[in-house]
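The structure appears right after this line, and notes come after that.
Just so it is clear, none of the values below were taken in a lab; they were calculated from the coordinates. These numbers were taken from a predicted model, which means no experiment stands behind them. All Cβ positions, even for glycine, are placed from backbone atoms using ideal geometry, and neighbour counts span all protein chains on display.
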Ligand SMILES: [Zn+2]
């Protein structure tokens, strides 16, 4: 899949020149490019990879060497591969699942699962509903 999305907010809207995100102006990347999320989020996703595979998501790990001011920093980068085409209901369940794992909103966006508006709607909708139920 050669879908281009913003590395930060996950939007597929590009600026008129097609070099960056039309929504937030950040860099764009291919779906197989690694996700820019925290170590904590990576660990959560890796620990729940079997549940994620039920949503049609496959986690790919990439050993990476990142240059930093203090020298080389070894780290594992992850990329999410959407194996099966997702239906709207599946995406909603997936976003709810990630929220239950306490993955922050902006990290869910960085996973580039779908348009940010869609992700945020699901992420917030359910929270509100839970609030009303309590
Ligand atoms: Zn963006």
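Some observations on this one:
- Of the peptides 118-124, 100-106, 8-14, the ranking by mean beta-carbon count within 10 Å, highest at the top, reads 8-14, 118-124, 100-106.
- Ordering 107, 51 from the fewest to the most neighbouring beta carbons within 10 Å gives 51, 107.
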